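Enquirer: Here you go, one structure.
Derivation of every value follows stated rules applied to the coordinates shown; laboratory data play no part. Just so it is clear, the model here is predicted, and its values are computed rather than measured. All Cβ positions, glycine included, derive from the backbone under ideal geometry; neighbour counts span all protein chains shown.
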Amino acid sequence: MTTTNTVTISAETVDLDEWTLQAVSEVKRSPGSIEARLQLFKLYCVQADWDRALRQLDTLVKIEPESKRQSELYKNLLLSERMRELVLSGEREAGSLEGQLPAWTESLQRANALYAAGQEAEGEVQRAQALNEASARAGHGEMLGDFEWLADGDERLGPICEFICAGGYRWVPFADIELLKVSAPQGLMDLVWAPAQLVVNGKTWHGYVPARYPVQSDSDTVFKTGLETAWQQQGEGRYIGQGRKMWISNVGEYSVFEAGEIQFGAVGDEGEA
């Protein structure tokens, strides 16, 4: 069985660009091979080459109509990633699991739009308002132990857990979550979108948590594969992430794959972030 370490070692030891070129050559040699095209699609996703990835999916369905269901899943993940990029730059609003998102998320979305427009001071005001109004929820994690609050290390998100399900990119406040479990990576695609389970208001949701922060086709390989996380300072002490997603708490920080199963509401009372 493939393990987290095996996937990581493969990503570390193989030249990603060379691997992709080899996959392209394999598709040219065997244009009707579903396996070869699927591998190339996955590598294009790691490379953040979304247009080429979509073309491979379209070709897959033409060659093998029975692959349509799997292709639709992959296409939804890819389109959700594109939506995610627009949301984090303030151009679009994120979806929710059920009903309306809390009012404070509007301030966070406005902050991201203002940052993208170069209006740092105005963005800071909106972000501070969002953080002041957002609730925090204590809990316990397999690796974290007891914590008072949990947040995304990327300050475009903070109190928000990103989640992709039912074909869409969604924001879920950490304070609304009762259980969060991210599966260890078993293959290339999991380094981009990690299978995950959420329990919110007693209802279980199966979907994916983006395993890395948005990358570009010219980003370093260590960020594309999530082997490293780096923080870029924006304005006055605000940081956005590159590479593998990190969650932070009052007791430390852990990557999305290191945190293990997290239960919320088991320790202490709810408070303000």
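Enquirer: Going by a ≥ b ≥ c, the root eigenvalues of the Cα gyration tensor, does the range 165-273 fall in the rounded group (a/c under 1.5), the prolate group (a/b larger than b/c) or the oblate group? If you can, show how the numbers build up before the last one.
Expert: Working: a/c = 1.93, a/b = 1.29, b/c = 1.49.
Oblate, since a/c reaches 1.5 and b/c is not below a/b.
Enquirer: Using modelled amide H (1.01 Å from N, peptide plane; none on Pro or chain starts), what sits under 5 Å from the amide H of T229, excluding residues fewer than 5 places away?
Expert: The list, which skips near neighbours in sequence, is R244.
Enquirer: Now for a separate question. Which ³J(HN,Hα) values in Hz, rounded to whole numbers, follow from the phi angles of the range 197-205 under the Karplus curve 6.51 cos²θ - 1.76 cosθ + 1.60, where θ = phi - 60° and Gly and Pro get x?
Expert: Result, rounded to whole Hz: 10, 10, 10, 10, 6, x, 9, 8, 10.
Enquirer: Can you give the angle from 0 to 90° between the axis of helix 68-88 and the longest principal axis of the chain, with both taken from C-alpha atoms, to the nearest 10?
Expert: Taking the Cα atoms of the chain, the angle to 68-88 is about 40 degrees.
Enquirer: Might you report the magnitude of the Cβ-based charge dipole of the chain about its Cα centre, with Lys and Arg at +1 and Asp and Glu at -1, to the nearest 20 debye?
Expert: Numbers: 25 positive and 42 negative charges, 234 e Å.
Around 1120 debye, computed over the chain.
Enquirer: Something else about it: Answer rounded, prolate or oblate for the range 102-238, using the Cα gyration tensor with square roots of eigenvalues a ≥ b ≥ c: rounded when a/c is under 1.5, else prolate when a/b is larger than b/c, else oblate.
Expert: oblate
Enquirer: A further question follows. Where the centroid of each part is defined by its Cα atoms, how far is the range 99-145 from the range 175-240 in Å?
Expert: 17 Å
Enquirer: Next question. Can you tell which of G32, T229, V199 lies farthest toward the positive end of the dipole of the chain, using +1 and -1 charges on the Cβ of basic and acidic side chains (Lys, Arg; Asp, Glu)?
Expert: Final value for the positive-end residue is G32.
Enquirer: While we're here: Relative to the longest principal axis of the chain, what angle (0 to 90°, nearest 10) does the C-alpha long axis of helix 120-133 take?
Expert: Helix 120-133 sits at roughly 70 degrees to that axis.
Enquirer: Note the angle between two axes, namely the Cα long axis of helix 50-63 and the longest principal axis of the Cα atoms of the chain, as a number of degrees from 0 to 90, rounded to the nearest 10.
Expert: That helix lies at roughly 50 degrees to the long axis.
Enquirer: In whole percent, what relative contact order does the chain give with Cα contacts below 8 Å and a gap of six or more residues? Working shown, then result.
Expert: On the way: 499 pairs, mean separation 54.8, N = 273.
20 percent.
Enquirer: Right, here's the next one. Measure up K181/K245; K203/K245; K62/K224 against 23 Å on the Cα-Cα distance and list the ones that go over. Can you show the working numbers first?
Expert: Details: K181/K245 14 Å; K203/K245 25 Å; K62/K224 29 Å.
Correct reply: K203/K245; K62/K224.
Enquirer: Where does the charge balance sit around M83 when Lys and Arg score +1, Asp and Glu -1, over other residues with C-beta under 12 Å from its C-beta?
Expert: Values: positive: R82, R84, R92, R170; negative: E81, E85, E91, E93, E162.
Taking every Cβ under 12 Å from that of M83, the sum is -1.
Enquirer: Starting from the Cα gyration tensor of the range 8-89, take the square roots of the eigenvalues, sort them a ≥ b ≥ c, and report rounded, prolate or oblate (rounded when a/c is under 1.5, otherwise prolate if a/b is larger than b/c, else oblate).
Expert: Details: a/c = 2.13, a/b = 1.09, b/c = 1.96.
Oblate shape, in that a/c is at least 1.5 and b/c is the bigger or equal ratio.
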